[in-house]
1. Just the residues that are basic (K, R) and touching a residue at least 60 places away in the same chain (Cβ under 8 Å), please, taken from region 26-78.
2. Please specify each residue of region 1-49 satisfying the condition of being loosely packed, with under 10 Cβ neighbours inside 10 Å, within 25 Å of the chain's Cα centre (by Cα) and modelled with pLDDT of 85 or more.
Amino acid sequence: MTDAPITQQNTTGFYGMAIASFAIALGSVGIALLYMDVDVWIRAFMAISVLYLTTSAITLSKVVRDRQEFEQIVSRVDQARMEKILAEHDPYRTP
């Protein structure tokens, strides 16, 4: 008998909170960049830095999630092989 692993489902509220938090953070940085008392080229540099940091964070989260999913799949395959071997094993059978 195989126990199916429990999958965690995120709620709609959690997704909404994550999107709102991301939008507020990015909007706050955008407003701060607009009202900074510095030259235009410094603002542009800071804006590009924020965009690069944002895309890097998104990429990192995707890579971590993909690795976790891959490890779960490999673990399931190994578990299925072990269960098959144990099911086919008969300790009273002579070779």
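The values are calculated or read from the model by the stated rules, or taken from the named source; none is laboratory data. If you're wondering where the values come from, they're calculated on a predicted model, not measured in any experiment. Counting neighbours? That spans all protein chains shown, and the Cβs are built from the backbone with ideal geometry, glycine included.
1. Keep residues of region 26-78 that are basic (K, R), which gives 43, 62, 65, 67, 76.
Across region 26-78, the qualifying residue is only R76.
2. Once the filter is applied, which keeps residues that are loosely packed, with under 10 Cβ neighbours inside 10 Å, within 25 Å of the chain's Cα centre (by Cα) and modelled with pLDDT of 85 or more, region 1-49 yields T11, T12, G13.
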